[in-house]
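Step one of this worksheet: look at the structure below.
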Amino acid sequence: MACATATRTLPRLMKARILLPTVLTFALLGLAVSGCKTAPASASTAPLSPEPSVKPGINAEYLKPDLDVAQWVERFEREGREIYDHRDSIVAAARLKPGSVVADIGAGTGLFTPYFSRAVGTKGRVYAVDIVPAFLERIKQRAASEGLANVQTVLCTERSVELPTNSIDFAFICDVYHHFEYPHSSLASLHRALRPGGEVFLVEFKRLPGKSSDWILNHVRAGQEVFVAEIEAAGFKQIEEQDLLKDNYVVRFRKLRK
């Protein structure tokens, strides 16, 4: 009888041994899945909040649907404006190389674009970048009429220069950086667009309390020290400053690896 009982019990024990690991496996899987559903999102995976504007409304005048391009040509390209009067010296100071690819960031009415086109030659390229479609249309028409086949217009946004990765050698930013409403985002996009060792050439208003005009003090949000620090924090290094102008400072940066 004992042998018969043992014989009948043995299959049941073997089944139990087989089933027990399976049950435990499913139980552990259930705990793992439950843990995935209830675990809070870590700080590293939480969505980043968008960069706030550093100067709300700074570009509102340019974004009006009834913008008069002729009015801005008269304002930007006139005798008495330091940038216009010294345009040849500024282009020479940039030291553009034939065959290089240049981005004229905030090209406006296209004051510098033809100069850059001729400087880089037929093997080079100039991207005229702006947020104002009407400005870009004027540049496009002027390039066509003057036979500047190496000029291409690019409509950017207030957060991005909208240029492909590793597509440019040199970025020119003249009296435009203070219009970067979202400088961290814009500089990040510019850093991506520049090739290794690419350069940024900054011309910007001197903002000196007690010396600068009320218009400069109210319109330009910060001085040279702040703007240089922002650009360097975005992955660039200042490599040169030129004493070229009275009302503007001129600084060259080189892209660093981030």
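The values are calculated or read from the model by the stated rules, or taken from the named source; none is laboratory data. Please read these numbers as outputs of a predicted model, since none were measured by experiment. FYI the Cβ positions are ideal-geometry reconstructions off the backbone, even for glycines, and counts take in every protein chain you see.
Structural remarks
- Test: residue in the range 233-251 that is aromatic (Phe, Trp, Tyr), under 19 Å from the mean Cα position of the chain (by Cα) and either in a helix (DSSP H, G or I) or modelled with pLDDT under 95 (or both): no
- Every residue from the range 143-160 that is within 30 Å of Ser53 (Cα to Cα) and in a strand (DSSP E or B): Gln152, Thr153, Val154, Leu155
- Selection of the range 73-109 for residues being within 27 Å of Arg159 (Cα to Cα) and among the small types (Gly, Ala, Ser) yields Ala94, Ser100, Ala103, Gly106, Ala107, Gly108.
Yes/no matrix, rows are residues, columns are (1) of a type in the set (Gly, Ala, Ser); (2) in a helix (DSSP H, G or I); (3) under 19 Å from Ala233 (Cβ atoms):
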| residue | (1), (2), (3) |
| --- | --- |
| Gln141 | no, yes, no |
| Glu162 | no, no, no |
| Phe170 | no, no, no |
| Leu187 | no, yes, yes |
| Gly198 | yes, no, yes |
| Val203 | no, no, no |
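- Listed by first and then second residue, the pairs linking a residue in the range 54-78 that is under 25 Å from Gly223 (Cα atoms) and free of Cβ contacts under 8 Å to residues at least 60 places away in the same chain to a residue that is surrounded by 10 or more Cβ atoms within 10 Å (Cβ to Cβ) and polar (S, T, N, Q), with Cβ atoms under 7 Å apart and 6 or more places separating them unless they lie on different chains, are Phe76/Thr109; Glu77/Thr109.
- Conditions (1) of a type in the set (Asp, Glu); (2) over 24 Å from Tyr62 (Cα atoms); (3) touching a residue at least 60 places away in the same chain (Cβ under 8 Å); number of the one not met by Asp104: (2)
- For the range 201-254, the set of residues classified as surrounded by 14 or more Cβ atoms within 10 Å (Cβ to Cβ) and among the aromatic types (Phe, Trp, Tyr) consists of Phe201, Phe205, Phe227, Phe236, Tyr249, Phe253, listed by residue number.
- Selected residue (only one of Phe135, Phe116 is crowded, with 22+ Cβ neighbours inside 10 Å, over 27 Å from Ala229 (Cβ atoms) and either out of contact with any Ser or Thr (no Cβ under 9 Å at 6 or more places or on another chain) or among the β-branched types (Val, Ile, Thr) (or both)): Phe116
- If the condition is being in contact with a strand residue (DSSP E or B) (Cβ under 9 Å, 6 or more places away or on another chain) and of a type in the set (Phe, Trp, Tyr), then the range 93-149 contributes Phe112, Phe116, Tyr127, Phe135.
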